[in-house]
Amino acid sequence: QFECLDVMAELPSGLLEACVVVGAHSDKLRDIHQVCMQTDSLSIKVSQKTDKKCDHAVEAKTGTQRIKTKNPSVHFVVWHNLKISFFFHLGGLELASEQKQDSYHFLVFTDMFGNRTHGVVVQYYRAVLEGVFQNGHRGSSTKARFYAPFAVCIISKFPYYNALKDCLSCLLVQLHTARQADFEETVKEFSAKLSLVPLPPPGQLHVSFSLRPLQVYLPSREDQDSPVVDIDLHLPFLCFTHTVLLQVLSYLLQEQRLVLFSCDWARLTLVAECLLLYLQPLSWQQPYVPVLARGMLDFIMAPTAFLMGCHISHFEEVATEDLILVNIDDGSIQTSWCETVDLPAIPLVAAESFTSRAESLQLHFDLELCHLAAGTDANGLRSQRRDWQRRLNTQIQNIALELVVNIFSGVQDFLSHEHRVFNSEEFLRTREPADQLFYKKVLETHIFHSFLRDRLNRKWDTFSRMEQNTRNLMHKSGYRTYASPDNKLSKRLGASLPNLVQSVSETLPVISPRTVCRKMTPDIGQSQLRKSESDLSPKKAVKVFRLPEFPPPLAYHYVQNYYSDMIASLGKAINATPPEESALLARYHYLRGLVNTVSNRRLDALEDFQSLYKTDSDIFPSQMVKSLVDSLPESERLQAELKRLISRVKRDQERECAGRGNGHEEGAIKRFQLPTKYMQLEEFVKCVQESGIVKDQGTIHRLFDALTVGHQKQVSPDLFKVFYTIWKETEAEAQEVCLPTSVLEHIEANECVFKVSSSVKTSRGVGKIAMTQRRLFLLTDGRPGYVEVAQYRDLDEVKVSSAPFMLLRIPGLKLRVRGRKETFEANLKTETELWNLMVKEMWAGRFTADQHKDPQYMQQALTNALLMDAVVGSLQSSKAIYAASKLAYFDRIKMEVPMMVPKTTAEILKHKINPSLELASPQAVDVLLYTSGTHTHTHTHTQLLNGKVMVFDASSWSLTHTCHVGNARLNCMLEVDKDQVWMGSEDSVIYIISIVAMVCNRQLTEHRAEVTGLAVAYSCSAEGTVMAWDVSTLQVKKHFRLSCSRLQSIYSCSGTLWCCKDRIMEVWRNGSLKRCMNLPEQQKGSTTTFSCALILPEREEMWSVCADSGEVSIWHIKDCSKPFHRITLQDCTGCYCIIKVKNQVWVGGMGRSSTKGKVYILDTERYQVLKELHGHTDKVTGLCSAEDRYVLSGAGKHDGKIAIWKVE
């Protein structure tokens, strides 16, 4: 029989989950001792088969019988019929004739839902005397004959292996000297102390506590999604060579049946945990039992993949199964059926990068101590070791993460987020041929499916961050030539072409997977990568919060005093922390809210969580707050300070419930499959988007028309299969084009050959005509040479001609190039008509792109040309060329309605950006903001539909970050203190983005209605509330409410505030009205309101515009009766935004003509229109100035682009 003692902590998210003591009962030991004395036997083993009637345990969480104790915070619950001894005495309960050394091992428990808890077990031996235990003897002359094993296990929800081992080490100091009568009380007190320890929140704050004689540290997780790392991650590097370690990781990624072996039970769990941490953020989804006792060996007969561990003594027994056997002790791998393992290895380039990085690791702590004095303080030495281990762990995590990034880089490029489809075939095409088998196996695993689900859900984890940092480094360091905006190509256009420099994707810049791997090799500077990572994601200094000393008697009032002391210490830490260290403040509030919750101070806890919600919403414990809110009595719920938080929690719950039923399930992932039935237009659009060929609906509609020429308006599955196959074959052919160095010298580094003709006779020699995104050139036969035919922008004429050959006329293509007398002719024969269409489309696309300074037009033209090629190849009929002409979009527009840009516009327009490039249809640009260059880069923030914020590097106008803040439209943005961007949303929240870290983890929730305007330290909402903020503390200093139908915007000027909608009000900062300006008489109407206002304090003027009027009204600030001047904007139906740039005023509006989006430049001195700019096909909804050098304009949803204008 066995006696088990268990203590359970009720502290939310506390360190201790359970404490279990397992050992032979004292009565049983007396009997055994007497038998041994009579038989003089020194080898007795206690069977693990326990008597169900006698076996019992004391547990703390789910038992059946509660036992009261002096400490109300600790409960004991009796469990019956429990057989758990083999978890703790793995080698069996054996009595020893001499004292044995204490030994530790580690356990992982997994429930049926996949949730894991972690345990640390210490097994120690106590002397068995005649009838009693040592120190509980009746007479001092009695000598010990036997030593009996006892095991103590402490279990936690988190893998604090080192910390729990330290705790058990401290406990053993007491148990070795304790009397038997004091044993139970000692364990109770130990467990009760651990039950008082809170876990640190994710981030930079660690927790420590004193458990004499050691100081125990609890490291925090890096972020909400990262695991706790309290383990020596270099252990596998000590056990395996780099090659063997990579093999083991490869088998885990392929979800094989792995069994680890060692003669040391402790190594099994530690090595297994390290291996799984190396794969982060991929998460092992299969059965995981790192320690199998002898009675559990039948687990290895499971038919599924698994990771398990056994003692080396069971090797022969286990080797009969079909398994991969990993011997930790000698670092070898074999299978149960042969000596070698024939499974695909990790891709070579990624493996080489991993090996080269791992070789630079310093794995021996003794070398760290060579230059240091001998330590005289145990805790000081432990601190040194802990710091060294933390640095080493960070290096190993980075190396392992680089390996994962190398293997799976570019996966997101083959995802259709709208349809939740992964195009695995296209992804496989981008991998090296030798690696194909590895990827085919990995793509079918649960671990990859989980990883893929996170990519589809746009999870911003360590993988996403490192992949982006890698690309940023390569862009800055010149490891690849960056695609300038005028030659970027659609990501989907040629995603299978490894040499194609692609455009910035929706979430991350796209980069060839092979390029990523090459980047990782040390010869191009890993130090620069690490420096880049630190620059882009600066690491905060780690702070350690030391808990108060545990109270000696753990009675109720002493425990409450302990909590009070902890709350007071946290209060001091909060007061001593400067406001700019908001992340650290958030974690102090988290801990104090946690302790307040446990000590039943619910209102104080909610106030802390309210402060936390403002400061860092990423670590906001929503479930705990929900429980607190539900437990509040009605009287406490009515307190004004808590109303907003309670309302916010409930609103988030409602939104979460609504989100679960509004379409796609988060876990649903489909593989792209070719259609099996006829497709109408709607099904065709969806299928093409899922295939990744193209996303733009207009292009897909034209493709549908081309494939259905002469047929019913539906596409057969056979036709689509042929079309899709030809599209892929075209990519493969382009991939196989190997240009010699002599040719590469003549083209840009980011140019890619997309189409090559057959070998033909031309006026410049015999060879193949090659088409890139910039030019046509002749690749001569024989010794390959380069002959330039033409760049698209230099073409003057493209037409079909014919050349005589005996009695025949051979069709050919004739090109006239600007600046050249002779024409270029090529006898393309049957390819002539297709090349004529493609070259004309590329020519027209280049012309349109140059006219509008919009590189997307060239990108679309290239897509159209390649689609023409696939259509002609798939139809194979007399109507094929006519069908392909349906895709000649730019050539048709050029011929029918020339897209000429007015001279004034062409002179000032510098460039265009398309934030909706990767979307199926354009989205309106609601707000624009330029942030100044106090950091590494200046940025432009663009807000699209439903809280989507896109950040562009203002030096190259390339997309650097995309994030979502809420699910509602953003109305306004403001730069605050040079390091924050505040964003007012329709959901009544002000979201705060850190410019340095580019994350949004702070929110202001005081507004009760849609936030419509932001000014320096002020905000306003639609129902008329104005709030003044303390920017450093994020607290409301004061607030007032104005009387108006809808408050549209707010401006701060010379000690007063200006607010507008149906009238413009100037109010004092205390909320009292100073003066009011009403709409001019001729602009009054049932729907007429001010849309925007501009205050020019140096001129004592205010300029206002209305959404349904083409006039700009100019007012004297001191005379509010009526505007003293009006400027009529020609061909304008309404104005939506107005800004001042130098001595000019820029107004964005909508015209009556076909070019609806217009920008007007006004002279502030003469009150005249200087210029009228035509840059958008929809109304101009936003304007912002970039240091008075450029002006950015954003347009509505029918255009969805950003125009960049030079300021003169």
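The values are calculated or read from the model by the stated rules, or taken from the named source; none is laboratory data. Everything numeric here is computed off the predicted structure, so don't read it as measured data. Because the Cβ atoms are built from the backbone with ideal geometry, glycine has one as well, and the counts that use them run over all protein chains shown. In case anyone asks, the SASA skips ligands and DNA or RNA and just uses the protein heavy atoms, side chains included. Shrake-Rupley method; radii C 1.70, N 1.55, O 1.52, S 1.80 Å.
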Please indicate, with yes or no, whether at least one residue in the stretch 326-341 is open to solvent by 40 Å² or more (accessible area, probe 1.4 Å) and under 33 Å from the mean Cα position of the chain (by Cα).
no
Is it the case that the stretch 926-937 has a residue that's modelled with pLDDT of 90 or more and among the polar types (S, T, N, Q)?
no
Count of residues meeting criterion [modelled with pLDDT under 70 and out of contact with any strand residue (DSSP E or B) (no Cβ under 6 Å at 6 or more places or on another chain)] in the stretch 14-32
6
Run down T772, T780, T762 and say which single residue is closer than 28 Å to W727 by Cβ, more than 45 Å from the chain's Cα centre (by Cα), surrounded by 15 or more Cβ atoms within 10 Å (Cβ to Cβ) and among the β-branched types (V, I, T).
T762
In this structure, does K799 turn out to be open to solvent by 50 Å² or more (accessible area, probe 1.4 Å), within 30 Å of W727 (Cβ to Cβ), of a type outside the set (A, V, I, L, M) and free of Cβ contacts under 8 Å to residues at least 40 places away in the same chain?
yes
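Conditions (1) within 31 Å of the chain's Cα centre (by Cα); (2) part of a strand (DSSP E or B); (3) at pLDDT below 90, marked per residue:
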{"position": "I993", "(1), (2), (3)": "yes, yes, yes"}
{"position": "G1013", "(1), (2), (3)": "yes, yes, no"}
{"position": "S1019", "(1), (2), (3)": "yes, yes, no"}
{"position": "I1064", "(1), (2), (3)": "no, yes, yes"}
{"position": "M1077", "(1), (2), (3)": "no, yes, yes"}
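Quick grid of which residues meet (1) surrounded by fewer than 22 Cβ atoms within 10 Å (Cβ to Cβ); (2) outside the structural domain of F754 (by the TED database); (3) within 17 Å of L795 (Cβ to Cβ); (4) at pLDDT 90 or above:
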{"position": "G819", "(1), (2), (3), (4)": "yes, no, yes, no"}
{"position": "E831", "(1), (2), (3), (4)": "yes, no, no, yes"}
{"position": "W835", "(1), (2), (3), (4)": "no, no, yes, yes"}
{"position": "Y857", "(1), (2), (3), (4)": "no, no, yes, no"}
{"position": "L862", "(1), (2), (3), (4)": "no, no, yes, yes"}
{"position": "L866", "(1), (2), (3), (4)": "no, no, no, yes"}
Of the conditions (1) in a loop (DSSP other than H, G, I, E, B); (2) in contact with a strand residue (DSSP E or B) (Cβ under 6 Å, 6 or more places away or on another chain), V1169 fails just one. Which one is it?
(1)
Those residues that are hydrophobic (A, V, I, L, M, F, W, C), without any contact (Cβ under 8 Å) to a residue 40 or more places away in the chain and outside any helix (DSSP H, G or I), I need them from the stretch 374-430; list them, please.
A374
Within the stretch 1150-1187, tally of residues that are closer than 24 Å to F952 by Cβ and small (G, A, S)
5
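When you scan the stretch 403-458, how many residues do you find that are among the polar types (S, T, N, Q), within 18 Å of the chain's Cα centre (by Cα) and either surrounded by fewer than 22 Cβ atoms within 10 Å (Cβ to Cβ) or at pLDDT 90 or above (or both)?
Pass one, the stretch 403-458, residues among the polar types (S, T, N, Q): 406, 409, 412, 416, 423-424, 430, 436, 445, 450, 457.
In the following step, the residues that additionally are within 18 Å of the chain's Cα centre (by Cα) were identified as 406, 409, 412, 416, 450, 457.
Okay, now just the ones that are also either surrounded by fewer than 22 Cβ atoms within 10 Å (Cβ to Cβ) or at pLDDT 90 or above (or both), so 406, 416, 450, 457.
Adding up the residues that qualify gives 4.
Residue by residue, here is whether (1) of a type in the set (K, R); (2) assigned by the TED database to the domain that holds R391; (3) open to solvent by less than 10 Å² (accessible area, probe 1.4 Å); (4) touching a residue at least 60 places away in the same chain (Cβ under 8 Å) holds:
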site	(1), (2), (3), (4)
L570	no, no, yes, no
P579	no, no, no, yes
Y588	no, no, no, yes
G593	no, no, yes, no
N596	no, no, yes, no
N600	no, no, no, no
F609	no, no, yes, no
Candidates T1088, T1033 - the one that is of a type in the set (V, I, T), open to solvent by 40 Å² or more (accessible area, probe 1.4 Å) and part of a loop (DSSP other than H, G, I, E, B)
T1033
Can you give me the ranges of the strands (runs of 3 or more DSSP E) entirely in the stretch 717-811 with at least 3 residues that are touching a Leu at 6+ places or on another chain (Cβ under 9 Å)?
765-771, 786-791, 795-805
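A quick yes/no check of all residues on (1) of a type in the set (K, R); (2) at pLDDT 90 or above:
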{"residue": "T725", "(1), (2)": "no, no"}
{"residue": "S742", "(1), (2)": "no, no"}
{"residue": "V766", "(1), (2)": "no, yes"}
{"residue": "T772", "(1), (2)": "no, yes"}
{"residue": "L778", "(1), (2)": "no, yes"}
{"residue": "R783", "(1), (2)": "yes, no"}
{"residue": "A790", "(1), (2)": "no, yes"}
Look through V901, V871 and report the one residue that is of a type in the set (A, V, I, L, M, F, W, C) and closer than 20 Å to S758 by Cα.
V871
Out of the residues in the stretch 287-310 meeting the condition of being modelled with pLDDT under 90 and surrounded by 19 or more Cβ atoms within 10 Å (Cβ to Cβ), tell me which one is nearest to H449 (Cα to Cα).
I300
Among all residue pairs at least 6 apart or on different chains, which show Cβ distances below 6 Å where the first residue, located in the stretch 955-969, is over 24 Å from A1203 (Cα atoms) and the second is surrounded by fewer than 19 Cβ atoms within 10 Å (Cβ to Cβ)?
N967/N946; A968/E986
Report every pair of residues separated by at least 6 positions or lying on different chains whose Cβ atoms are under 9 Å apart, first residue within the stretch 994-1013 and at positive phi, second in a strand (DSSP E or B) and at pLDDT below 85.
M998/H939; M998/T960; M998/H961; M998/C963
Output for Cβ contacts, cut-off 6 Å, separation at least six or different chains, first residue in a helix (DSSP H, G or I) in the stretch 678-706, second of a type in the set (K, R) and modelled with pLDDT of 90 or more, reads R702/K886; D705/K886; A706/K886
